[in-house]
Amino acid sequence: MRPIPFDNSYQTLADSLFHRQQAEPVSSPQALLINTELAEALNIDSKWLASPAGIDVLSGNALAAGSQPIACVYAGHQFGNYNPQLGDGRALLLGEVIDRQGQRKDIQLKGSGRTPYSRGGDGRSPLGPVIREYLLSEAMHCLGVPSTRALAALATGDPVFREHGPLPGGILCRVASSHLRVGTVQFVAAQQDPELLQQLMDYVIDRHYPECKQSESPYEALFNAILNAQATLISRWQALGFIHGVMNTDNMLLCAETIDYGPCAFMEAYHPGTVFSSIDQQGRYAYGNQPAIAQWNLVQLAQAMLTLMQQPGESDLKPAVQRAQDALNTFPDTFLQAYRQRMAEKLGFSHINDDDEALYRDFLALLEEHDCDFTLSFRSLNDRAAVMANCERGGDSIAGLFQLPNAFAPWLERWQQRFNADATPAEQRYLTMQKANPVFIPRNHLVENAIEKAYEGDMSVFFALQTRLQDPFEYQCDAAEFAAPATDGNRVTATFCGT
Ligand code: AMP
Ligand code: MG
């Protein structure tokens, strides 16, 4: 059997969707971290992957049997402005594999050199963004959020030149259910080739939403399925205080996995207007705007798919526009339903009823007023819930690390009454809370410290943080440094794409 059992399908679509491209070789590739568990789940022999032959493939120095590398083309709205041609400017799709669960997955190199879509860029990445994406994407996966994943992080041995001089270069091997973006559909729609558009959307249905095939109007069903999946995804971001930072339409996947961990960050003190990205001057992609931006991006998707929504017998696009508008109008409510479900899990209720809405809104208002850490504030409710639910626990209370201010006492009284009045057994609700309120998130100062140490040649901080983030729900007092918010001395206030 081939070391990576490639089974490529995107290649069978039109040539206009990609460019065949080899990776540019690197001088002395070195594996920093290989995700052996993920490799095995992808039917890849992890021992081979960590061997010199595997590392040659991961660095782009050798082609694995069955790999047909391509750079994919797409378009996209970047900060609201349409760019008719973007693409894999520093990435290559090596091919696809079928994983142990029968799911098709893309295997991509990021930082593998120039392609026709590199524009002025060098197609490379410094090590920092590679480490950042490895940590963040794997943390998101372990937090239960659909996300692209990291199969390996490599150092290339070559310098990459950025604003402040040379930095060590890196490559990330990324895995996704697919890299098909809203921007991919926008690119194809702009070609004015209805057959190609239909071919692409049939491919999306087959690969991600096969149940839509049974519908009388499969493309409308597809649009609704993507809308629902995105609403659920964004509800998970909001429930964790995750700020993506660049929600451009080319960074929104049709399979609704989180992608592109550039200037993203987890919010510490709760403020809905929080922005980290250095390039987001207007706050377009602020924490509190994310649901509205997702809907805005879905408008662009609807526009790109519109001709497919036309039914036989309709003389113009007006009825299709109306149906697309009706579908789009469901987004706020679909999102709210998903978000309320997340809040129920976080507060330890079986569901959120209309009265509970004021309860969680008041909690968020208190967090904002008192600059409370979003993650630890919710987690501190778990300690109280454990007592109410009579749950025996090891020493995983965070009381020694964090306490809600006294001003929360009246609110806590209301919450405890509601918690005790819920019909579902308290122990069950407490266990759900334990999976909804993490204690370890990839805080920016920890990630930045791991990157800084890696640049000094010390990978141990990266490894220690990676290990900790794999188990985000179990607290141990000796790991307080991984759970504590930033101090005035190490707070990171802006994040950079860094590529
Ligand atoms: P992003 O902001 O990461 O979504 O990237 C936007 C576009 O810029 C994509 O088409 C990337 O492929 C391209 N790009 C970003 N960095 C580089 C680079 N260093 N070299 C070539 N293309 C790049
Ligand atoms: Mg991108």
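The values are calculated or read from the model by the stated rules, or taken from the named source; none is laboratory data. Just so it is clear, the model here is predicted, and its values are computed rather than measured. Note that each Cβ is placed from the backbone with ideal geometry, even for glycine, and that neighbours are counted across all protein chains shown. The accessibility values were calculated without ligands, DNA or RNA, using every heavy atom of the protein model including side chains. Shrake-Rupley method; radii C 1.70, N 1.55, O 1.52, S 1.80 Å.
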Residue pairs, Cβ under 6 Å, 6 or more apart or interchain, first in region 331-355 and at pLDDT 95 or above, second buried (at least 20 other Cβ atoms within 10 Å of the Cβ) and of a type in the set (D, E, K, R). List them. Gly348/Arg429
Have a look at Asp326, Asp371 and point out the one that is open to solvent by 60 Å² or more (accessible area, probe 1.4 Å), under 28 Å from Asn297 (Cα atoms), of a type outside the set (S, T, N, Q) and modelled with pLDDT of 95 or more. Asp326
Selection status of Asn289, assigned to a helix (DSSP H, G or I) and touching a residue at least 60 places away in the same chain (Cβ under 8 Å): no
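Within region 441-458, track down each residue that is in contact (Cβ under 8 Å) with a residue 24 or more places away in the chain and either in the same structural domain as Asp373 (by TED's automatic domain parsing) or part of a helix (DSSP H, G or I) (or both).
Those that are in contact (Cβ under 8 Å) with a residue 24 or more places away in the chain and either in the same structural domain as Asp373 (by TED's automatic domain parsing) or part of a helix (DSSP H, G or I) (or both): Asn444, His445, Leu446, Val447, Glu448, Asn449, Ala450, Ile451, Ala454, Tyr455.
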Restricting to region 203-226, and then to whatever is surrounded by fewer than 17 Cβ atoms within 10 Å (Cβ to Cβ) and among the acidic types (Asp, Glu), can you tell me which residue is modelled with the lowest pLDDT? Glu216
Of the residues in region 60-81, those that are in contact (Cβ under 8 Å) with a residue 12 or more places away in the chain and either in contact with a Cys (Cβ under 9 Å, 6 or more places away or on another chain) or more than 28 Å from Arg2 (Cβ to Cβ) (or both) come to Tyr74, Ala75, Gly76, His77, Gln78, Phe79, Gly80
Quickly run through region 236-286 and pick out the residues that are in contact (Cβ under 8 Å) with a residue 60 or more places away in the chain, touching a Phe, Trp or Tyr at 6+ places or on another chain (Cβ under 7 Å) and of a type in the set (Val, Ile, Thr). Val246
Quickly run through region 51-101 and pick out the residues that are out of contact with any Pro (no Cβ under 9 Å at 6 or more places or on another chain), open to solvent by less than 10 Å² (accessible area, probe 1.4 Å) and closer than 19 Å to Glu40 by Cα. Glu96
Of all the helices (runs of 4 or more DSSP H) wholly in region 302-396, which have at least 3 residues that are over 30 Å from Val182 (Cβ atoms)? 354-369, 374-388
I'd like the full set of residues that are closer than 17 Å to Asp362 by Cα and hydroxyl-bearing (Ser, Thr, Tyr), limited to region 325-351. Tyr339
Criterion: open to solvent by less than 60 Å² (accessible area, probe 1.4 Å), under 30 Å from Gly169 (Cβ atoms) and outside the structural domain of Ala344 (by TED's automatic domain parsing) - qualifying residue of Ala483, Ala494, Ala479: Ala494
Kindly indicate the residue of region 102-117 that is open to solvent by 10 Å² or more (accessible area, probe 1.4 Å) and touching a residue at least 60 places away in the same chain (Cβ under 8 Å) and also farthest from ligand 1 (Cβ to nearest atom) among those meeting that condition. Gln103
Within region 1-39, can you find the residues that are free of Cβ contacts under 8 Å to residues at least 24 places away in the same chain and surrounded by 14 or more Cβ atoms within 10 Å (Cβ to Cβ)? Thr36
Being open to solvent by less than 60 Å² (accessible area, probe 1.4 Å) and within 16 Å of Pro438 (Cα to Cα) is the filter; apply it to region 396-420 and report the residue that is modelled with the lowest pLDDT. Asp396
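Residues checked against (1) within 16 Å of ligand 2 (Cβ to nearest atom); (2) modelled with pLDDT under 95; (3) among the charged types (D, E, K, R):
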{"residue": "Val246", "(1), (2), (3)": "yes, no, no"}
{"residue": "Met252", "(1), (2), (3)": "yes, no, no"}
{"residue": "Asp260", "(1), (2), (3)": "yes, no, yes"}
{"residue": "Phe266", "(1), (2), (3)": "no, no, no"}
{"residue": "Gln282", "(1), (2), (3)": "no, yes, no"}
{"residue": "Ala304", "(1), (2), (3)": "no, no, no"}
State all residues of region 239-288 that are surrounded by fewer than 19 Cβ atoms within 10 Å (Cβ to Cβ) and out of contact with any strand residue (DSSP E or B) (no Cβ under 8 Å at 6 or more places or on another chain); if no residue qualifies, say none. His271, Pro272, Gly273, Ile279, Gln281, Gln282, Gly283, Arg284, Gly288
